[in-house]
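The values are calculated or read from the model by the stated rules, or taken from the named source; none is laboratory data. For clarity, every value in this text was computed on a predicted model and none was experimentally measured. No Cβ is skipped: glycine too gets one built from the backbone with ideal geometry, and neighbour counts run over all protein chains shown.
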Amino acid sequence: MNAKLVRLLALPAALLICGCGGARKSSLNPAYEVEKVEAEGSAPVVDGADAARKAALGDALRNALALVVGVYVSQESMVSQAVLIDETITSQTEGYIEKYETLKEWRDGDFYKVRVLAHVRKEDLTLKLRDLEPEPVKLGNPVICFAVAETVDGAKAGVSAAETELKSVFAGAGFLTGEGENCDITIKGSADSAFNTREGLGGFVSYRATLSLSADKAGGGALAAVQDAAGGIDLNDAAAARAAVINAVKKAGPDLKDRLLKALKEKSVVRLSLSGVRDMNHLSDYMKSLKNIPAIRGSWLRNYSGGSAHIDVGMRKGGAQELSVLLQKSPKFPLKIVRSGAYDIEGDLP
């Protein structure tokens, strides 16, 4: 196994031994949080103790950073992107470690060892890690649900082949798929297949399917839509109808997925629900403060009544998670976050 992968996978387990003190306010800038972790490094004594000490210290700092990375990155990402994580993050300690203390250093045979207490900048690290995640995760990791009405020769189909195939398309692209009410986006539409012909097919049957789909945000509003059609051939009517629907989804599904990703990037709007609004002047001051945040391209008041307000916030980059962090750090109006979803935030105004 790759040595870098071994180190990245093994270090999170060492967290139980070395310890991770949890997020604390930075002593240099209280607006940011740091993770305080202990880690140990070693290096062979080749060119004298001073050179070995420096190399062991560098190894300890890299190990400290890898400990924190192991907490915030999924095991799947750790395995699939181990080399990239090592090259872009754990090998560049100066960009992420705010400061460190040398707790102990000693010589052990032909090796020099150093133990440190490192202060790792949580925000800087998590932002970098997000760059390594799949596109759906960067865009809020929305849960995709499916509601496709399917018919065969005008009769309702018992099982939707379109939904099953669509789940495969979106899950394969890194989207979370779900059922029920906990959906951020729902793929809606219809899939209708009808008999085409049996002639000249050597005992096979041909069906033709038409597909119409849209991706709708919870609360309303279509983000993307597609239409397509395809044929399918099999030994009997049911199998041919199913083949036609699956072929139509294979044509339209990737296109819908790409259009949805593009729409999420271009139309990243977060619904901000506020409580604790004292009066219109209070709300006006808060709206003005949003204009001073560079990541926000615009904000629109949708409703204000009885101390509550609903604001649509357009993001230049990022989504609800990034906006939540920015709103909590506002110097004049630090928002108390009550709940944060993929595309919505609820908070109390100070």
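Observations on the structure shown:
- Among the residues of segment 140-158, those identified as part of a loop (DSSP other than H, G, I, E, B) and more than 19 Å from Lys217 (Cβ to Cβ) are Asp153, Gly154, Ala157, Gly158.
- Checked against (1) modelled with pLDDT of 85 or more; (2) outside the structural domain of Ser160 (by TED's automatic domain parsing); (3) touching a helix residue (DSSP H, G or I) at 6+ places or on another chain (Cβ under 7 Å), Ala342 passes all but condition (1).
- Answer from Glu87, Glu35 - the residue that is buried (at least 17 other Cβ atoms within 10 Å of the Cβ), modelled with pLDDT under 90 and charged (D, E, K, R): Glu35
- Identity of the residue in segment 212-224, more than 9 Å from Ile187 (Cα to Cα) and aliphatic (A, V, I, L, M), that ends up surrounded by the most Cβ atoms within 10 Å (Cβ to Cβ): Ala224
- When Ser273, Ser268, Ser324, Ser305 are checked against the criterion of being free of Cβ contacts under 8 Å to residues at least 40 places away in the same chain, over 30 Å from Val159 (Cβ atoms) and touching a strand residue (DSSP E or B) at 6+ places or on another chain (Cβ under 6 Å), Ser324 stands alone in meeting it.
- The residues listed here are Lys262, Lys291; of these, the one that is in the same structural domain as Gly341 (by TED's automatic domain parsing), basic (Lys, Arg), touching a strand residue (DSSP E or B) at 6+ places or on another chain (Cβ under 8 Å) and at pLDDT 85 or above is Lys291.
- Within the set Ala161, Ala155, Ala147, the sole residue that is crowded, with 20+ Cβ neighbours inside 10 Å, of a type in the set (Gly, Ala, Ser) and either on the phi > 0 side of the Ramachandran plot or modelled with pLDDT of 90 or more (or both) turns out to be Ala161.
- Residue match in segment 159-182 (condition: among the acidic types (Asp, Glu), assigned to a helix (DSSP H, G or I) and not assigned by TED's automatic domain parsing to the domain that holds Ala320): yes
- Qualifying position, being more than 30 Å from Val137 (Cβ to Cβ) and surrounded by 14 or more Cβ atoms within 10 Å (Cβ to Cβ), among Gly276, Gly200: Gly276
- Among residues of segment 219-265, those that are among the aliphatic types (A, V, I, L, M) and either touching a Cys at 6+ places or on another chain (Cβ under 9 Å) or in contact (Cβ under 8 Å) with a residue 60 or more places away in the chain (or both), counted: 10
- Search result, residues across segment 229-266 that are surrounded by fewer than 19 Cβ atoms within 10 Å (Cβ to Cβ) and more than 16 Å from Pro136 (Cα to Cα): Ala229, Gly231, Ile233, Asp234, Leu235, Asn236, Asp237, Ala238, Ala239, Lys250, Lys251
- Residues (under 18 Å from Gly219 (Cβ atoms) and charged (D, E, K, R)) located in segment 171-187: Glu181, Asp184
- Unmet requirement for Gly109, which otherwise passes all of (1) at pLDDT below 90; (2) surrounded by fewer than 13 Cβ atoms within 10 Å (Cβ to Cβ); (3) small (Gly, Ala, Ser): (1)
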